[in-house]
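Enquirer: Got a structure here, written out as structure tokens. Questions coming.
The values are calculated or read from the model by the stated rules, or taken from the named source; none is laboratory data. All of these numbers come straight from a predicted model, not from anything done at the bench. As a convention, Cβ positions derive from the backbone with ideal geometry for all residues, glycine included, and neighbour counts pool all protein chains shown. Note: areas computed on protein heavy atoms with side chains; ligands, DNA, RNA excluded. Shrake-Rupley method; radii C 1.70, N 1.55, O 1.52, S 1.80 Å.
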Amino acid sequence: MMMSNSPGDFHCLSLGEDQEELFTENSNSNVVDTQFDIIIGYIEDIIMEEKFQTLQNSFLERFYKEFEETEENKFIYTDIHKEYVNVLEKCLEDELSMRVPDFSMIEFTKQIIERKSELDGEIFEILLTFSDFVAFKDMFLDYRAAKEGKTVDLSTGLTITSYSEMPCDRGEINFGQN
Amino acid sequence: MGLLTILKKMKQKEKEVRLLMLGLDNAGKTTILKKFNGEDIDTISPTLGFNIKTLEHRGFKLNVWDVGGQRSLRSYWRNYFESTDGLIWVVDSADRMRIQDCKQELHSLLLEERLAGSTLLVFANKQDLPGSLSSEDIKKMLDLDNIKSHHWRILPCSAVTGEHLLEGIDWTIDDIASRIFTMD
Ligand SMILES: Nc1nc2c(ncn2[C@@H]2O[C@H](COP(=O)(O)OP(=O)(O)OP(=O)(O)O)[C@@H](O)[C@H]2O)c(=O)[nH]1
Ligand SMILES: [Mg+2]
């Protein structure tokens with residue numbers, strides 16, 4: 001979606017083969033980089049907007065109690081992850097489509113994964129929670145720890161919790177399973 | 001291609017591989033996973049959900065998914081098929097009683113569209129146990145020679161001694177890499 005990858009434009013310059021390749025490669029990746037950066041800028045805006053924030057918060061609020069600090073994962077995490085992607089990635093995608101013509105989330109997510117190691121910061125963490133289950137789980141565990149004012153004692157692995165019982169409303173999402 | 005371009009490409013291409021480890025309960029999936037990761041394997045209980053480990057090996061980033069194999073959990077397996085590059089099917093070679101069950105489960109997986117094209121490694125695990133079936137026996141009993149839909153290989157192994165585990169993973173990576181990472 002980002003670029004038509006046609007080196008044809010440069011043939012008339014009749015550069016040596018090596019130079020031509022280098023030139024083409026560089027121009028291509030520059031355009032891709034710029035597009036990528038523009039989209040990142042939009043995403044920054046969107047995730048700060050109230051619409052996204054509210055959705056994300058209510059999602060975390062609704063499900064954080066399902067998540068536990070155990071190594072093994074429960075099957076329900078996968079259902080919650082699916083639902084999370086449906087709701088939040090959808091919101092982001094809709095907002096982006098309004099700003100970027102022909103936006104493709106799938107393409108963009110691929111780029112993000114490829115560039116994972118180069119990137120950091122809050123946006124990337126949020127984007128990773130869509131495509132990377134471990135990042136998603138960590139987000140929930142962090143939220144739960146913060147929510148419950150947990151102090152994690154790493155020496156014993158024990159946790160001290162102050163816990164406010166809140167009814168966990170799961171009525172709206174149907175996990176009708178297999 | 002200029003040096004800068006090459007460097008950039010190398011940095012961008014994190015070679016990620018997704019491996020899905022399945023098999024009947026008690027086959028040794030979680031034990032294999034932990035053994036790989038250099039963790040203690042003495043206190044492993046049956047998996048009721050799933051485990052994920054990310055291992056760095058030979059410049060590849062392996063995301064290994066290990067899902068519980070009890071009968072009641074097998075209907076969840078399908079939730080983990082997506083994007084699988086390699087399927088590792090673990091067999092308890094000492095469990096002669098359930099080898100038919102094992103065969104059926106494997107062959108129905110191979111029909112799954114979302115696993116089409118994935119590499120299949122069969123681990124004939126628990127070779128350290130006396131009386132365990134050989135990998136040759138298991139190959140016949142699981143009817144592996146009839147598999148035409150996937151690249152496959154069977155290896156005898158033991159999660160306890162570690163025998164052949166690495167060889168299996170290396171073959172799996174090589175097979176996947178020859179399909180996926182050939183372009184540069
Ligand atoms: N002797 C021997 N025992 C093994 C070997 N691999 C696993 N075991 C034992 O077999 C039992 C089951 O191992 P797990 O790793 O929990 O099996 P699993 O496939 O993960 O089982 P589920 O989680 O129920 O699907 C454990 O008691 C292990 O110690 C092996 O190579 N040799
Ligand atoms: Mg297990």
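Enquirer: Quick one: in the stretch B:40-73, of everything that is more than 13 Å from ligand 2 (Cβ to nearest atom) and not in a strand (DSSP E or B), which residue is modelled with the lowest pLDDT?
Expert: B:Gly59
Enquirer: Working only within the stretch B:74-106, note down all residues that are within 15 Å of ligand 2 (Cβ to nearest atom) and within 14 Å of another protein chain (Cβ to nearest Cβ).
Expert: B:Arg74, B:Tyr76, B:Trp77, B:Tyr80
Enquirer: Looking at B:Lys15, B:Lys35, which one is more than 10 Å from chain A (Cβ to nearest Cβ), more than 11 Å from ligand 2 (Cβ to nearest atom), under 23 Å from B:Gln127 (Cβ atoms) and basic (Lys, Arg)?
Expert: Step by step, each of B:Lys15, B:Lys35 is checked, and only B:Lys35 is more than 10 Å from chain A (Cβ to nearest Cβ), more than 11 Å from ligand 2 (Cβ to nearest atom), under 23 Å from B:Gln127 (Cβ atoms) and basic (Lys, Arg).
Enquirer: Further, regarding this structure: Go through the residues of the stretch B:139-151 one by one and say whether even a single one is free of Cβ contacts under 8 Å to residues at least 40 places away in the same chain, open to solvent by 20 Å² or more (accessible area, probe 1.4 Å), within 21 Å of B:Asn37 (Cα to Cα) and not β-branched (Val, Ile, Thr).
Expert: Scanning the stretch B:139-151, I find no residue that is free of Cβ contacts under 8 Å to residues at least 40 places away in the same chain, open to solvent by 20 Å² or more (accessible area, probe 1.4 Å), within 21 Å of B:Asn37 (Cα to Cα) and not β-branched (Val, Ile, Thr), so the answer is no.
Enquirer: What is the residue count in the stretch B:39-55 for residues that are within 16 Å of the chain's Cα centre (by Cα) and not hydroxyl-bearing (Ser, Thr, Tyr)?
Expert: Within the stretch B:39-55, residues that are within 16 Å of the chain's Cα centre (by Cα) and not hydroxyl-bearing (Ser, Thr, Tyr) number 5.
Enquirer: Taking the stretch B:113-138, which residues are more than 27 Å from B:Ile180 (Cα to Cα), under 18 Å from the mean Cα position of the chain (by Cα) and not aliphatic (A, V, I, L, M)?
Expert: B:Asn125, B:Lys126, B:Gln127, B:Ser135
Enquirer: Which of the residues belonging to the stretch B:39-52 are surrounded by 11 or more Cβ atoms within 10 Å (Cβ to Cβ) and within 13 Å of ligand 1 (Cβ to nearest atom)?
Expert: From the stretch B:39-52, those surrounded by 11 or more Cβ atoms within 10 Å (Cβ to Cβ) are B:39, B:41, B:44, B:46-52; that's our starting set.
B:Glu39, B:Ile41, B:Ile44, B:Pro46, B:Thr47, B:Leu48, B:Gly49, B:Phe50, B:Asn51, listed by residue number.
Enquirer: Further, regarding this structure: If you check B:Phe81, B:Phe60, B:Phe36, which single one turns out to be in contact (Cβ under 8 Å) with a residue 24 or more places away in the chain, open to solvent by less than 10 Å² (accessible area, probe 1.4 Å) and under 16 Å from the mean Cα position of the chain (by Cα)?
Expert: Result: B:Phe81 is the single residue among B:Phe81, B:Phe60, B:Phe36 that is in contact (Cβ under 8 Å) with a residue 24 or more places away in the chain, open to solvent by less than 10 Å² (accessible area, probe 1.4 Å) and under 16 Å from the mean Cα position of the chain (by Cα).
Enquirer: Filter the stretch A:66-102 for residues that are open to solvent by less than 40 Å² (accessible area, probe 1.4 Å) and among the charged types (D, E, K, R); which is nearest to the other protein chains (Cβ to nearest Cβ)?
Expert: Going through the qualifying residues, I end up with A:Asp79.
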